[in-house]
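Note sheet for the following structure.
The values are calculated or read from the model by the stated rules, or taken from the named source; none is laboratory data. If you're wondering where the values come from, they're calculated on a predicted model, not measured in any experiment. Because the Cβ atoms are built from the backbone with ideal geometry, glycine has one as well, and the counts that use them run over all protein chains shown.
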Amino acid sequence: MTTVETADPLAGIADREQVFIGGQWVDSTGDEWIDVVDSWSERTAARVRSATADDVARAVAAARESFNKGDWVRTPIAERADVIDAIADGLEARLEDLTTLGIVEVGVPVPVSAMTQQMTIGLFRAVAEEARNVTLIEERPRTDGGVSRIVKEPNGVVAVIIPWNGPIGTIAFKVIPALAAGNSVVLKTSPEAPLSPSVFADVIGDLVAAGRIPEGVVSVLVADREVSETLVTNPDVDHVTFTGSTVAGRRIMSLAADRVAKVSLELGGKSAAIILDDADLNTVLANAPMGGCMQSGQACIALTRVLVSRNRHDEVVAGYQAALSQIPIGNPWEQTNFLGPLTSARQRERVEGYIEAAKAEGAQVVYGGGRVGDQGFFVQPTIIDNVRNDMSVAQEEIFGPVISIITYEDEDEAVAIANDSIYGLSGAVFTTDLEHGFEVAQRIRTGTVNVNTSVIDFTLPFGGYKQSGLGREGGPEGLEEFFETKTVHFPAPAS
């Protein structure tokens, strides 16, 4: 595969004829295929074998057997960290392949895909370092004079379900800390983006063959919704961790509730950027517009609601229009472009539907709103003005490059509007007074807030409030998700 323009950049992408169970590529029990469609050429890039319910059951059984056998669990955590570094090495050796697949599966252009994949490999190494610093047994004195030991133990079999808009990154957030903690993992990938996880499976297979990861510890499957639900409901799964839509997250919670399985969720967002009256417009425009359109808006942390006072409304809208007009958009195989197409025709139709709904509800499109050229699943970066916070475009996650401008009267109303959402994933505050910005950030009910910046650092804890999810990813907090805590009491000394 190649990441530069060729006559046919899809020519080197091969079909995946088998499923990956317990560390090996094996035949599926079914004969269904999933087509992976390139978002630029709109052609099928490759086909991947779809897993059956029986395949899922085989993968879970392999994971349960490997966990109960205990070879991976008993491997010292420092050695498991070394294996994670080896996984990162394996992925880095295939960085060009991963960059190509990021273009095909998500639509991001060459420079963005290359940067993202390299950053993601860094996340693998960050998890390895966190693992080396974990204290698995802590001794605490009791008031009766005795001591107790607090022990961290792996959850068991972890089902990991990931989305299409960043498969290797989501593996870094979920699969890698789960493995570091000593769990066995069944990874279920998205039908829209199964090729990048297949490269991850290749790397795992090499390490299994080399004896560094026991058989059964890792499986990687792609399946439709019905088959995927058999993974969530399998009684041998101890922990389900999911990234995706809030609707799907609710469904997973309901399925896992029957057996009170542990659930971690990283769900949707409708993040607000509050621009206070004293904000420096240059700082705003250097950070916020791209924050709303990153990855063509296909990011849960996108700043898709812009809250501005009536006093500064006109200059902020004009600034946003100018900023978005400078972002190169087009053929993702060209090095000069920064925004590419959406991932699928269905996603484009969804985004266009929200734009039309906003207009029907009385809002105005003041920039963009259409397609780009005749090829690829494009939607232009779009600014919609005169948006009320009760409109669908302001309340529902669009997952496209659509920014809503909402006006407020004073700071208290701005905070109230920001919090008037079922979501609470990210947000931003712009002001010349950083400490006041921190005070406002504390009033916003979201898991992450940027003040005068656009930091994305997933080595720090990341997650949401409200219906944006449960639990945290990144940093020591993300590793903690994959441990159970056991308390062992010892008697007090005889008096």
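For region 125-156, the tally of residues that are of a type in the set (S, T, N, Q), under 21 Å from Arg80 (Cβ atoms) and touching a strand residue (DSSP E or B) at 6+ places or on another chain (Cβ under 9 Å) stands at 2. Taking the criterion of being within 23 Å of Ala322 (Cα to Cα) and either part of a loop (DSSP other than H, G, I, E, B) or aliphatic (A, V, I, L, M) (or both), the residues of region 343-363 that qualify are Val351, Ile355, Ala358, Ala363. Put simply, of Val284, Val222 the only residue that is crowded, with 23+ Cβ neighbours inside 10 Å and in the same structural domain as Ala57 (by TED's automatic domain parsing) is Val222.
Listed conditions (1) touching a residue at least 12 places away in the same chain (Cβ under 8 Å); (2) surrounded by fewer than 18 Cβ atoms within 10 Å (Cβ to Cβ); (3) of a type in the set (A, V, I, L, M, F, W, C) are all met by Ala360, apart from (1).
Conditions tested, residue by residue: (1) over 20 Å from Glu473 (Cα atoms); (2) modelled with pLDDT under 95; (3) of a type in the set (Gly, Ala, Ser).
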{"site": "Ala181", "(1), (2), (3)": "no, no, yes"}
{"site": "Val203", "(1), (2), (3)": "yes, no, no"}
{"site": "Gly211", "(1), (2), (3)": "yes, no, yes"}
{"site": "Arg225", "(1), (2), (3)": "yes, yes, no"}
{"site": "Thr230", "(1), (2), (3)": "yes, no, no"}
{"site": "Asp236", "(1), (2), (3)": "yes, no, no"}
{"site": "Phe242", "(1), (2), (3)": "no, no, no"}
{"site": "Gly249", "(1), (2), (3)": "no, no, yes"}
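Filtering region 475-495 to residues that are touching an Asp or Glu at 6+ places or on another chain (Cβ under 6 Å) and either assigned to a loop (DSSP other than H, G, I, E, B) or basic (Lys, Arg) (or both) leaves Lys486, Ala492.
Within region 103-135, being more than 19 Å from the chain's Cα centre (by Cα) and either in the same structural domain as Gly340 (by TED's automatic domain parsing) or in a loop (DSSP other than H, G, I, E, B) (or both) holds for Asn133, Val134, Thr135. Whether any residue in region 271-286 is at pLDDT below 95 and either touching a Lys or Arg at 6+ places or on another chain (Cβ under 8 Å) or within 30 Å of Val185 (Cα to Cα) (or both) is what I want to check. Checked region 271-286: no residue is at pLDDT below 95 and either touching a Lys or Arg at 6+ places or on another chain (Cβ under 8 Å) or within 30 Å of Val185 (Cα to Cα) (or both).
Sort out which residues of region 15-37 are part of a loop (DSSP other than H, G, I, E, B) and of a type in the set (Phe, Trp, Tyr), and write them in order of number. Give the steps one after another, and end with the answer.
Narrowing region 15-37 to residues part of a loop (DSSP other than H, G, I, E, B): 15, 17-18, 22-23, 27-32.
None - no residue of region 15-37 is part of a loop (DSSP other than H, G, I, E, B) and of a type in the set (Phe, Trp, Tyr), so the list stays empty.
Of all residues assigned to region 189-210, at least one qualifies as being in a strand (DSSP E or B) and in the same structural domain as Leu123 (by TED's automatic domain parsing).
Do the conditions hold for Arg49, that is, is it farther than 30 Å from Glu130 by Cα and buried (at least 21 other Cβ atoms within 10 Å of the Cβ)? Against the criterion (farther than 30 Å from Glu130 by Cα and buried (at least 21 other Cβ atoms within 10 Å of the Cβ)), Arg49 qualifies. Looking across region 52-82, just one residue is farther than 21 Å from Asp238 by Cα and within 23 Å of the chain's Cα centre (by Cα), and that is Ala81.
For region 3-29, a residue qualifies if it is surrounded by 15 or more Cβ atoms within 10 Å (Cβ to Cβ), farther than 15 Å from Val199 by Cα and at pLDDT below 95, and the qualifying residues are Thr3, Pro9, Leu10.
The helices (runs of 4 or more DSSP H) found entirely in region 380-474 that carry 2 or more residues being touching a residue at least 24 places away in the same chain (Cβ under 8 Å) and more than 25 Å from Thr243 (Cα to Cα) are 411-419, 434-443. Taken over region 280-306, the criterion of being among the aliphatic types (A, V, I, L, M) and more than 22 Å from Ser39 (Cβ to Cβ) is satisfied by Leu281, Val284, Leu285, Ala286, Ala288, Leu303, Val306. Could you check region 211-233 and list, in sequence order, the residues that are part of a strand (DSSP E or B) and basic (Lys, Arg)? Those that are part of a strand (DSSP E or B) and basic (Lys, Arg): none in region 211-233. Of all the numbered requirements in (1) outside any loop (DSSP other than H, G, I, E, B); (2) within 24 Å of Thr44 (Cα to Cα), Val366 misses one, and that requirement is (2).
Screening Ala181 on (1) within 18 Å of the chain's Cα centre (by Cα); (2) surrounded by 24 or more Cβ atoms within 10 Å (Cβ to Cβ) shows it passes everything except condition (1). Here Glu480, Glu473, Glu439, Glu435 are screened, and the one residue that is under 16 Å from the mean Cα position of the chain (by Cα), modelled with pLDDT of 95 or more and of a type outside the set (A, V, I, L, M, F, W, C) is Glu473.
Pull up region 234-286, narrow it to residues that are basic (Lys, Arg) and part of a loop (DSSP other than H, G, I, E, B), then point me to the one that is nearest to Pro401 (Cα to Cα).
Lys270
Do we find that Val175 is assigned to a helix (DSSP H, G or I) and within 24 Å of Glu17 (Cα to Cα) in this structure? Yes, satisfied. Taking the listed residues Ala273, Ala302, Ala288, the one that is under 18 Å from Leu324 (Cα atoms) and in contact with a Cys (Cβ under 9 Å, 6 or more places away or on another chain) is Ala302, with no other qualifying. Condition test on Asp97, is it outside any loop (DSSP other than H, G, I, E, B), surrounded by 18 or more Cβ atoms within 10 Å (Cβ to Cβ), in contact (Cβ under 8 Å) with a residue 60 or more places away in the chain and within 24 Å of the chain's Cα centre (by Cα)? Criteria met by Asp97.
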